[in-house]
Amino acid sequence: MNKYSPSSKEKKLKNMFDHIAKKYDFINHILSFGIDFIWRKKAIHLLYKFSEKKDLKILDLATGTGDFAILLAHKFKHAYITGLDPSDKMLKIAEKKIKKSFFEERIQTIQGYSQYIPFQNDTFDIVTIAFGIRNFQYIHSSMKEIYRILKTSGILVILEFSTPSNYWIKKIYYFYFHFVKKVGNFISKNHFAYNYLKESIFSFPYYNQKMKKFLKYHQFDPIYMQKLTFGIVSIYLVKKKKKLILNTFN
């Protein structure tokens with residue numbers, strides 16, 4: 001495989017995460033009141049329920065500062081985990097956490113992009129994406145890569161923000177993210193970053209029923225899907241189809 005050259009959009013996003021890396025965990029945990037850990041643990045609990053338990057190879061895409069990868073290592077005692085992320089500075093923080101957690105032998109990190117995953121076909125049993133899929137700049141290319149590197153019947157789990165269906169919850173949700181944007185901008189001193197956070201959540205087109213259709217288009221069969229916290233976050237658990245079938249996505 002040739003070395004991947006990121007686009008200008010990908011470089012801009014990488015630079016943003018590099019800039020906020022040191023304050024990223026603090027801001028996220030404060031603004032979510034710690035609920036983000038509960039969401040992650042719930043997704044991993046469901047993954048554990050529906051997957052094999054031993055000798056697994058797991059790829060954690062958009063691993064960031066490594067929280068999800070470390071939780072995976074705690075739950076899956078015999079798994080080997082690779083955390084991939086574009087941001088070098090986020091990965092440096094992840095590596096420190098991994099060392100502190102004594103998981104250095106079972107978790108490795110690698111700098112890279114979701115639309116060019118530097119592994120051979122059928123390498124991984126599981127791929128996880130926690131709050132990262134909306135940041136994929138070329139989402140269809142990324143999904144093709146995920147399909148390629150997953151083993152047949154391998155599992156993909158996505159944890160991502162979604163839009164609540166209840167009118168009043170939706171109103172509160174919009175107000176909350178306006179607050180998040182203001183506080184995040186103030187603490188991080190990076191106005192682009194938390195403006196982008198809000199915009200990326202509300203402009204992301206694939207959630208709930210649209211996400212199901214999107215995943216089926218990319219040759220994944222649903223296993224289990226669940227909304228959390230009044231529908232502001234959703235978990236999608238799907239399995240790679242055995243045979244590629246051509247279809248259309250609208």
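The values are calculated or read from the model by the stated rules, or taken from the named source; none is laboratory data. Everything quoted here is computed from the prediction, not taken from an experiment. Neighbour counts run over all protein chains shown; Cβ positions are idealised from the backbone, glycine included. Protein only, heavy atoms only, side chains kept; ligands, DNA and RNA dropped before computing areas. Shrake-Rupley method; radii C 1.70, N 1.55, O 1.52, S 1.80 Å.
Tell me which DSSP H helices of the chain clear both cut-offs, 30 Å or more of axial length from alpha-carbon atoms and a mean Kyte-Doolittle hydropathy of at least -1.0.
Going by DSSP H runs, the hits are 8-31, 167-188.
Checking a compactness column here: for segment 16-58, what do you get for Rg(Cα) / (2.2 N^0.38 Å), N being the number of residues?
Against the empirical 2.2 N^0.38 Å value, I get 1.59 for segment 16-58.
Between Gln115, Gln137, Gln209, where does the largest GNM mean-square fluctuation fall for the chain, given springs only between Cα atoms within less than 10 Å?
Looking only at Gln115, Gln137, Gln209, the largest GNM fluctuation is found for Gln209.
With both partners inside the chain, how many of the DSSP beta bridges are antiparallel, as a percent to the nearest 5?
Taking every DSSP beta bridge within the chain, about 45 percent pair in antiparallel fashion.
For the chain, state what percent of all Cα-Cα pairs lands in each successive 10 Å bin, counting from 0 Å until the bin that includes the largest distance.
Histogram of Cα-Cα distances, whole percents per bin: 7, 32, 39, 20, 3.
Ignoring solvent entirely, what values of log10 I(q)/I(0) come out of the Debye formula for segment 84-167 at 0.13, 0.18, 0.23, 0.24 Å⁻¹ when each Cα is a single scatterer?
Ignoring solvent entirely, the Cα scatterers give -0.50, -0.90, -1.24, -1.29.
Normalising by the residue count of segment 57-208, find the relative contact order in percent from Cα pairs under 8 Å and 6+ residues apart.
20 percent
Holding the Cα-Cα limit at 20 Å, pick out from Lys41/Lys92; Lys11/Lys42; Lys23/Lys198; Lys54/Lys227; Lys53/Lys151; Lys144/Lys213 the pairs that are longer than that.
Cα-Cα > 20 Å for Lys41/Lys92; Lys11/Lys42; Lys54/Lys227; rest within.
Net charge within 13 Å of Val233 by Cβ-Cβ distance, Lys/Arg positive one each and Asp/Glu negative one each, not counting Val233 itself?
Net of charged neighbours comes to +3.
I'd like the carbon and sulfur percentage of the solvent accessible area for segment 29-174, probe radius 1.4 Å, heavy atoms only, ligands and nucleic acids excluded.
Carbon-and-sulfur percentage of accessible area, whole number: 55.
At q = 0.12, 0.20 Å⁻¹, what log₁₀ I(q)/I(0) does a Debye calculation on the Cα points of segment 22-145 give, no solvent, two decimals?
Debye intensities relative to I(0), on a log10 scale: -0.42, -1.24.
If the elastic network links every pair of Cα atoms under 10 Å, which of Val183, Val238, Val127 fluctuates the most in the Gaussian network model of the chain?
The residue with the greatest mean-square fluctuation here is Val183.
Which value at 222 nm does the chain reach when only helices count, each DSSP H run of 4 or more adding -39,500 (n - 2.57), with the total divided by all residues and rounded to the nearest 500 deg cm²/dmol?
Helix-only estimate at 222 nm: -15000 deg cm²/dmol.
Just tell me the longest site-free run in the chain, where the sites are trypsin sites (Lys or Arg not before Pro) in a DSSP loop having at most 16 other beta-carbon atoms within 10 Å.
The answer is 78-188.
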